[in-house]
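J.: Dropping the structure in here first, questions after.
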Amino acid sequence: MLLPEDVRDEFAWKWTNKKFTGNTIEIIGESFLASEPSLFGQPNHDYIMRELDWYQSASLNVNDIPGGAPKIWQQISSESGEINSNYGFLLFSEENHMQLDNVVKHFIADQGTRRATAVYTRPTIHQDWNRDGMTDFICTNAVQYLIRDGLLHVVVQMRSNDIVFGYRNDWAWQKYVQEILIQDLAENDIFVKPGSIVWNAASLHMYERHFWMLENYIETGDPFPELR
Amino acid sequence: MPIIILEGIDGSGKSTLAQRLADKSPLPARIEHRGPIKDTVQAEYVNPLFEVDENELLIADRWHVGEMIYGPLYRGKSMVAPYLGAVESILDWFGAVRIIMSPPIEVVRERLDVRGEDYLEPEHVELVHKAYEDFAWQYNYQLLTDVADHQLDYILAAAMKHQERQHVIAGRR
């Protein structure tokens, strides 16, 4: 399986050899061991903690993000701040059919199950993504959990993933959920340790504004510069 | 900014080890302690990690794991539990060395008796002792019963590795 450094090298190769069109470098169907909290750029831990608080609140309004909504959320939300992609809402809420509870129930029934899947997206997303002027087509399709050899493995299936901001914030969320699930399982006498996080992105891409990170990576070997 | 996190039941020898590490550290060392949580998880356990000087060693004489274990016991729930993944991944990011001190339970009881410790109820000693050992197993913390003088160097060297990694990256320029 590919490692984060392999993914970085693939992007660097595409950049060096001009293997992209337009203003986006993209790899289709990228699958790798997500063993690092960032692929390019330093994680913004302050924002990550605030976003986790907002996800926990399950609010579908970006104006509820503690400390204010970043530009990207403002751009994709409706005029009143509504969005679809509060991952806490998608995972914990009754309205989205208690996805995490379903995962726990599958494990209680059978620890070797392959059914422990939290479904994030939904059939009506084709209508929901642009209602009231928003442009929010949920980026995570589903996350599957597997217990093998006492480890809780996570397989994240992404529809679309920005390699800089998207990956690092979504990784923090998946790590967070892995820990919550471990605690929920322990309450049900299933004791496991954190296993691998495997990342599978239908489209893993880097936008032009971040191409300088590739140049920097090729020149210095440092994938984690501070954002300019 | 090397970081060493020391956790363990009261009377396990964390403070003594923290001081021994500080005395032997090649970098100026700052020992910080966290008791029952008073502010947010971010303010108590995350932000201070970003305030450590580049050439300073932070030794945490109890950090977030204490709240994981004592919180449910004495305050009904752990404030850290929902954020454990985030805190642990940030410690990963910094390459923090994580140790749980766990001498035999009889030793802990003796020390608590001598101290006249009244925070930890005697009937909870066994439960807390086991909870720390379980945590170490689950989250791959080093579980140590005692630390000999020569082992201090290993712990400090492991903590300095993160800084070396930063230097290697810089050296590629």
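The values are calculated or read from the model by the stated rules, or taken from the named source; none is laboratory data. Nothing here was measured: the structure is a model prediction, and the numbers come from that model. All Cβ positions, glycine included, derive from the backbone under ideal geometry; neighbour counts span all protein chains shown.
J.: Would you confirm whether any residue within the range A:192-204 is buried (at least 17 other Cβ atoms within 10 Å of the Cβ), among the aromatic types (Phe, Trp, Tyr) and in contact (Cβ under 8 Å) with a residue 60 or more places away in the chain?
T.: Within the range A:192-204, one or more residues are buried (at least 17 other Cβ atoms within 10 Å of the Cβ), among the aromatic types (Phe, Trp, Tyr) and in contact (Cβ under 8 Å) with a residue 60 or more places away in the chain.
J.: Give me the pairs: first residue in the range A:209-228 and closer than 17 Å to residue A:4 by Cα, second residue part of a helix (DSSP H, G or I) and of a type in the set (Lys, Arg), beta-carbon distance under 6 Å, and six or more apart or on different chains, which are they?
T.: Matching pairs, first to second residue: A:223/A:8.
J.: Among the residues of the range A:151-166, is there at least one that is within 11 Å of chain B (Cβ to nearest Cβ) and either over 23 Å from residue A:53 (Cα atoms) or at pLDDT below 95 (or both)?
T.: yes
J.: For residue B:95, all conditions in the list (1) of a type outside the set (D, E, K, R); (2) on the phi > 0 side of the Ramachandran plot; (3) at pLDDT 95 or above hold save one; what is the number of the exception?
T.: It fails just one condition, (3).
J.: For the range B:83-90, check the following and say yes or no: at least one residue is within 30 Å of residue A:43 (Cα to Cα) and more than 14 Å from chain A (Cβ to nearest Cβ).
T.: Within the range B:83-90, none of the residues are within 30 Å of residue A:43 (Cα to Cα) and more than 14 Å from chain A (Cβ to nearest Cβ).
Yes or no, residue by residue, for (1) modelled with pLDDT of 95 or more; (2) surrounded by 14 or more Cβ atoms within 10 Å (Cβ to Cβ); (3) within 14 Å of chain B (Cβ to nearest Cβ); (4) in a helix (DSSP H, G or I):
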{"site": "A:43", "(1), (2), (3), (4)": "no, yes, yes, no"}
{"site": "A:46", "(1), (2), (3), (4)": "no, no, yes, yes"}
{"site": "A:50", "(1), (2), (3), (4)": "no, yes, yes, yes"}
{"site": "A:100", "(1), (2), (3), (4)": "yes, yes, yes, yes"}
{"site": "A:111", "(1), (2), (3), (4)": "yes, yes, no, no"}
{"site": "A:123", "(1), (2), (3), (4)": "yes, no, no, no"}
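J.: Please state which one of A:78, A:93 is over 27 Å from residue A:198 (Cβ atoms) and surrounded by 14 or more Cβ atoms within 10 Å (Cβ to Cβ).
T.: A:78
J.: Can you list residue pairs whose Cβ atoms sit under 6 Å apart, with the first residue in the range A:48-65 being over 12 Å from residue B:41 (Cβ atoms) and the second being part of a strand (DSSP E or B)? Count only pairs 6 or more apart in sequence or on different chains.
T.: Cβ pairs passing all conditions: A:60/A:82; A:61/A:82.
J.: Looking only at residues in the range B:70-82 that are surrounded by fewer than 20 Cβ atoms within 10 Å (Cβ to Cβ) and part of a helix (DSSP H, G or I), which one is farthest from the other protein chains (Cβ to nearest Cβ)?
T.: Step by step, filter the range B:70-82, then rank; the result is B:74.
J.: Now for a different question. Take the residues in the range A:119-140 that are free of Cβ contacts under 8 Å to residues at least 40 places away in the same chain and under 24 Å from residue A:106 (Cα atoms); name whichever of them is farthest from the chain's Cα centre (by Cα).
T.: Ranking the candidates gives A:123 first.
J.: Still on this structure, please answer the following. Is there a residue being part of a strand (DSSP E or B), modelled with pLDDT of 95 or more and under 29 Å from residue B:92 (Cβ atoms) anywhere in the range A:85-94?
T.: Checked the range A:85-94: no residue is part of a strand (DSSP E or B), modelled with pLDDT of 95 or more and under 29 Å from residue B:92 (Cβ atoms).
J.: Here's a follow-up. Considering B:27, B:6, which residue is closer than 27 Å to residue B:150 by Cα, buried (at least 21 other Cβ atoms within 10 Å of the Cβ) and either in contact with a strand residue (DSSP E or B) (Cβ under 6 Å, 6 or more places away or on another chain) or not basic (Lys, Arg) (or both)?
T.: Checking each option against the conditions leaves just B:6.
J.: Let me ask you something else. Tell me, yes or no, whether the range A:203-219 has at least one residue that is among the polar types (S, T, N, Q) and closer than 23 Å to residue A:89 by Cα.
T.: Looking for residues that are among the polar types (S, T, N, Q) and closer than 23 Å to residue A:89 by Cα, one finds none in the range A:203-219, hence no.
J.: Can I ask one more? I'd like the full set of residues that are closer than 17 Å to residue B:85 by Cβ and in contact (Cβ under 8 Å) with a residue 40 or more places away in the chain, limited to the range A:171-190.
T.: Once the filter is applied, which keeps residues that are closer than 17 Å to residue B:85 by Cβ and in contact (Cβ under 8 Å) with a residue 40 or more places away in the chain, the range A:171-190 yields A:171, A:172, A:173, A:174, A:175, A:176, A:177, A:180, A:181, A:184, A:185.
J.: Keeping to the range A:9-37, report how many residues are within 14 Å of chain B (Cβ to nearest Cβ), at pLDDT 95 or above and buried (at least 20 other Cβ atoms within 10 Å of the Cβ).
T.: Residues that pass the stated criteria total 1.
J.: While we're here: Would a scan of the range B:51-64 turn up a residue that is at pLDDT below 90, surrounded by fewer than 22 Cβ atoms within 10 Å (Cβ to Cβ) and among the hydrophobic types (A, V, I, L, M, F, W, C)?
T.: Within the range B:51-64, one or more residues are at pLDDT below 90, surrounded by fewer than 22 Cβ atoms within 10 Å (Cβ to Cβ) and among the hydrophobic types (A, V, I, L, M, F, W, C).
J.: What number goes with the only condition from (1) modelled with pLDDT of 95 or more; (2) surrounded by 15 or more Cβ atoms within 10 Å (Cβ to Cβ) that residue B:41 does not pass?
T.: Status for residue B:41: all satisfied but (1).
J.: Looking at (1) in a loop (DSSP other than H, G, I, E, B); (2) among the hydrophobic types (A, V, I, L, M, F, W, C); (3) within 13 Å of chain A (Cβ to nearest Cβ), which is the only condition residue B:27 fails?
T.: The one condition residue B:27 does not meet is (3).
J.: Considering only residues that are outside any loop (DSSP other than H, G, I, E, B), at pLDDT 95 or above and not hydroxyl-bearing (Ser, Thr, Tyr), look in the range A:129-150 and name the one that is nearest to residue A:73 (Cα to Cα).
T.: A:141
J.: Now a separate question. Any idea which of (1) more than 14 Å from chain A (Cβ to nearest Cβ); (2) more than 25 Å from residue A:56 (Cβ to Cβ); (3) touching a residue at least 24 places away in the same chain (Cβ under 8 Å) is the one residue B:106 doesn't satisfy?
T.: (3)
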